Amino acid sequence: MNAKEAKRIAATIPDVQSENDTRRLKIDRVGVKRLRYPIYFADHEGTAQPTIATCSAYIMLSAHQKGTHMSRLVTLFEEMREKSAKKPLTVGALRDWSALLLKRLGTTAGEIHLAFDFFVRKKAPVSGIESTMDYQVRLSAEEKEGQYREKVEVDIPVTSLCPCSKKISDYGAHNQRSVVTLGATLNEPIFVMDLIRIAEEEASSELYAILKRADEKYVTEYAYDHPNFVEDMVRSIAQRLAADKRLASFSVEAENFESIHNHSAYAQITGIRDQKTASREGAKTQRNEKFPSLQGEG
């Protein structure tokens, strides 16, 4: 069947989704969820990294329209897959895709969400042996009535060592793996690696996939010299994010999988970028400055 014949046949098939709906109820979000697609993503080094993204897309459906055209949403991700092989996706690159989504579906509000693994080559601190660490990244773009918002969220595994345990013990201190989740609404693009480094630098120690004995000794002693409560981590990270002009707002969560308890320790701070620090030309991180815009949640 040629293209002309296919088009003729398609014109005779009823478009049920475009029919009128008499209930007159707007649907806030309708679309496709958890579609897995191969994509290419690039960060600070600019190198295209292949990964598998879990993709979702939703639109606002007007009260008079019976249904949306789901296939157009899937087609969007198919095109994203194809184009990312030539020009990899980056943080801040979803705006054009968001505009295309609204245009094709004839709506004024929509969302795109991508979740994928991001891999980083890391050198052990003493031996220099290289290994690969994985981090979970989530990107989202939301547009409604002409207002656009893009978010990035990253899960960063780290080590935390308890200051209290160190203080009261004759030797040793309990420590555990923790996961720090950084989320940010963007004023301008940011590198995923920038967020990863902030979390790793404020933890008791960062993680490595491979450590030799000399590395393990170094990491153990480094963590002992940098004890952190879960509260310490979220506060130190929040101070740095609040001063970053690339961010409009942010959230910091830390969960410590306690090694001596059967529960996790958890802390969260949400806030907006500190305006006093932001207006200071050439502002740098002010570790001890108070940020009245921060709001903690327990």
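The values are calculated or read from the model by the stated rules, or taken from the named source; none is laboratory data. These numbers were taken from a predicted model, which means no experiment stands behind them. Cβ placement follows ideal geometry from the backbone for every residue including glycine, while neighbour counts extend to all protein chains displayed. These accessible areas exclude ligands, DNA and RNA; they are computed on the full protein's heavy atoms, side chains included. Shrake-Rupley method; radii C 1.70, N 1.55, O 1.52, S 1.80 Å.
When the range 31-55 is filtered for residues that are under 16 Å from Leu73 (Cα atoms) and open to solvent by 80 Å² or more (accessible area, probe 1.4 Å), the ones remaining, listed by number, are Lys33, Arg34, Arg36.
I want to confirm something. Restricting to the range 175-184 and keeping residues that are open to solvent by 30 Å² or more (accessible area, probe 1.4 Å) and of a type outside the set (Lys, Arg), which single residue is farthest from Pro125 (Cα to Cα)? Please lay out each step first, then the result.
Going through the range 175-184, the residues open to solvent by 30 Å² or more (accessible area, probe 1.4 Å) turn out to be 175, 177, 179.
If we keep only those that are of a type outside the set (Lys, Arg) as well, we get 175, 179.
Working: Asn175: 19, Val179: 21 Å.
Restricting to residues being open to solvent by 30 Å² or more (accessible area, probe 1.4 Å) and of a type outside the set (Lys, Arg), the top hit is Val179.
Candidates Lys167, Lys103, Lys86, Lys151: the one that is under 30 Å from Ala265 (Cβ atoms), free of Cβ contacts under 8 Å to residues at least 40 places away in the same chain, open to solvent by 10 Å² or more (accessible area, probe 1.4 Å) and outside any strand (DSSP E or B) is Lys167.
Restricted to the range 4-30, and to residues there that are at pLDDT 75 or above and touching a Ser or Thr at 6+ places or on another chain (Cβ under 7 Å), the residue that is surrounded by the fewest Cβ atoms within 10 Å (Cβ to Cβ) is Lys26. Where strands (runs of 3 or more DSSP E) fall wholly inside the range 185-298, the ranges with 2 or more residues that are among the acidic types (Asp, Glu), within 23 Å of Val120 (Cα to Cα) and modelled with pLDDT of 95 or more are 247-257.
Considering each of Val158, Val120 in turn, give the residue that is in contact with a Ser or Thr (Cβ under 6 Å, 6 or more places away or on another chain), under 30 Å from Ser56 (Cβ atoms) and β-branched (Val, Ile, Thr). It would help to see each step written out before you state the result.
Details: Val120 fails: in contact with a Ser or Thr (Cβ under 6 Å, 6 or more places away or on another chain).
Exactly one of Val158, Val120 is in contact with a Ser or Thr (Cβ under 6 Å, 6 or more places away or on another chain), under 30 Å from Ser56 (Cβ atoms) and β-branched (Val, Ile, Thr), namely Val158.
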